[in-house]
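What follows is a short report on a single structure.
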């Protein structure tokens, strides 16, 4: 029987920004860990193990966790490093969760980070594409249209935005939405971020027409629809249910109710069997969400989930992911964004933090989704982005790779009944 696990603290190194020349990578991590510990009754030596994640190809530091061992207070303790693309942060969290749920450790610190000013993300992302490029070179590109829109290679050739534009165009075609709906989603994200003291791109009272003034990069995505490259670190402390009273410095913690992950086939589009997939379908997200909800005892996510933090590297995903997470009907998001359904004061707040569209330190981004959902459940989100209602259940989501990696975490204000 699994052990219930709670999040008792979240720590950031400060506001996420484009450049931090004043601190090193390891100093950035140390600040996040110490800030997390400071909000608990823990002493550093009482943390049993650490799980650390980032995209090591971006900064060119292969084993950054070893370099950081002393700074993250992990000397002579078990440390594990994980890199799974955009899902890295939540993969780190899931690993830390299983360490505690299994009874192996009582207290584990999960750390996600990226320092984009010390590397080149596009070169690293290019490395992710190499296996597909070789496959296409061998089997040939999809010229038939069976990739859900045809010429998927052209989307992949535009970098991350090129691939995302392929997904966005397919989503709009299927949902009946338009670019203006993506403008609305981006404006909501920027406005929410302005109320989050840790968010990167903060634009108070941002309007869709402000986003619409930015240039198209790869249709239908504008510059205002894209995420920044951010520097920052996030630390989350997890403890076993029998240690909550001892170590938590608050009566309200966020319980981990269900976790799940999955991998689909890649979505760049070529003629090799099993590799022709429309990136807007995201059947794998639905499968993973169902698994997580089942573990959490959630039977009707549309009614039982009050808040979502989704991995929206591009603003159209603010519309797409709630559908794939089974929180609303397929194709409903364009109308819902018009109605304010996803706003801070809406029926289902989505990315109250501002999301990845506003802050993207890639190795931390999926962990930040969990962290922000936890803060909402605990009722302690800072700076005005705490929603004005009780959050009994929240879902956090991550995606990565060539749109095929998915992670989902369900948090709640009470533990799962055994």
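Among the residues of segment 354-371, write down those that are in contact with a helix residue (DSSP H, G or I) (Cβ under 8 Å, 6 or more places away or on another chain) and closer than 18 Å to residue 57 by Cα.
Residues satisfying the conditions are 361, 362, 363, 364, 365, 366.
One line per residue, one yes/no per condition, for (1) under 24 Å from residue 207 (Cβ atoms); (2) touching a helix residue (DSSP H, G or I) at 6+ places or on another chain (Cβ under 9 Å); (3) buried (at least 24 other Cβ atoms within 10 Å of the Cβ):
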{"position": "294", "(1), (2), (3)": "no, no, no"}
{"position": "303", "(1), (2), (3)": "no, no, no"}
{"position": "318", "(1), (2), (3)": "yes, yes, yes"}
{"position": "322", "(1), (2), (3)": "yes, yes, yes"}
{"position": "325", "(1), (2), (3)": "no, yes, yes"}
{"position": "329", "(1), (2), (3)": "no, yes, no"}
{"position": "340", "(1), (2), (3)": "yes, yes, no"}
{"position": "346", "(1), (2), (3)": "yes, yes, no"}
{"position": "350", "(1), (2), (3)": "yes, yes, yes"}
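Taking the condition of being assigned to a loop (DSSP other than H, G, I, E, B) and touching a residue at least 60 places away in the same chain (Cβ under 8 Å), how many residues in segment 299-315 meet it?
Residues meeting the conditions: 7.
Here is a list: 73, 66. Which entry is more than 22 Å from the chain's Cα centre (by Cα) and crowded, with 18+ Cβ neighbours inside 10 Å?
73
Any chance you could count how many residues in segment 204-219 are free of Cβ contacts under 8 Å to residues at least 24 places away in the same chain, in a loop (DSSP other than H, G, I, E, B) and surrounded by fewer than 20 Cβ atoms within 10 Å (Cβ to Cβ)?
Count: 6.
For segment 352-360, check the following and say yes or no: at least one residue is in contact (Cβ under 8 Å) with a residue 12 or more places away in the chain and closer than 19 Å to residue 412 by Cα.
There is at least one residue in segment 352-360 that is in contact (Cβ under 8 Å) with a residue 12 or more places away in the chain and closer than 19 Å to residue 412 by Cα.
Got a sec? Which of 96, 110, 36 is at pLDDT 95 or above, part of a helix (DSSP H, G or I) and under 18 Å from the mean Cα position of the chain (by Cα)?
96
A quick yes/no check of all residues on (1) at pLDDT below 95; (2) under 20 Å from residue 188 (Cα atoms); (3) assigned to a loop (DSSP other than H, G, I, E, B):
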| position | (1), (2), (3) |
| --- | --- |
| 250 | yes, no, yes |
| 278 | yes, no, yes |
| 295 | no, no, no |
| 317 | no, yes, no |
| 321 | no, yes, no |
| 327 | no, yes, yes |
| 347 | no, yes, yes |
| 353 | no, yes, yes |
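Among the residues of segment 378-391, write down those that are in contact with a strand residue (DSSP E or B) (Cβ under 6 Å, 6 or more places away or on another chain), surrounded by fewer than 24 Cβ atoms within 10 Å (Cβ to Cβ) and part of a loop (DSSP other than H, G, I, E, B).
none
Considering only residues that are in contact with a helix residue (DSSP H, G or I) (Cβ under 6 Å, 6 or more places away or on another chain) and under 13 Å from residue 312 (Cα atoms), which ones fall in segment 227-239?
Across segment 227-239, the qualifying residue is only 227.
Within segment 183-221, track down each residue that is more than 19 Å from residue 161 (Cα to Cα) and over 22 Å from the mean Cα position of the chain (by Cα).
Within segment 183-221, 204, 205, 206, 207, 208, 209, 210 qualify.
Which of the residues spanning segment 1-33 are under 23 Å from residue 239 (Cα atoms), at pLDDT 95 or above, assigned to a loop (DSSP other than H, G, I, E, B) and out of contact with any strand residue (DSSP E or B) (no Cβ under 8 Å at 6 or more places or on another chain)?
Within segment 1-33, no residue meets the criteria.
Quick one: which of 164, 173, 189, 199 is surrounded by 19 or more Cβ atoms within 10 Å (Cβ to Cβ), assigned to a helix (DSSP H, G or I) and at pLDDT 95 or above?
After applying the criteria, what remains is 189.
Taking residue 99 as the residue in question, decide whether it is under 24 Å from residue 44 (Cβ atoms) and surrounded by fewer than 22 Cβ atoms within 10 Å (Cβ to Cβ).
The answer is no for residue 99.
Would you tally the residues in segment 43-69 being out of contact with any strand residue (DSSP E or B) (no Cβ under 7 Å at 6 or more places or on another chain) and modelled with pLDDT of 95 or more?
Counting residues in segment 43-69 that are out of contact with any strand residue (DSSP E or B) (no Cβ under 7 Å at 6 or more places or on another chain) and modelled with pLDDT of 95 or more gives 3.
The values are calculated or read from the model by the stated rules, or taken from the named source; none is laboratory data. From a predicted model like this one, the values you see are computed outputs, not experimental measurements. In this analysis, Cβ positions are derived from the backbone assuming ideal geometry, glycine residues included, and neighbour counts consider all displayed protein chains.
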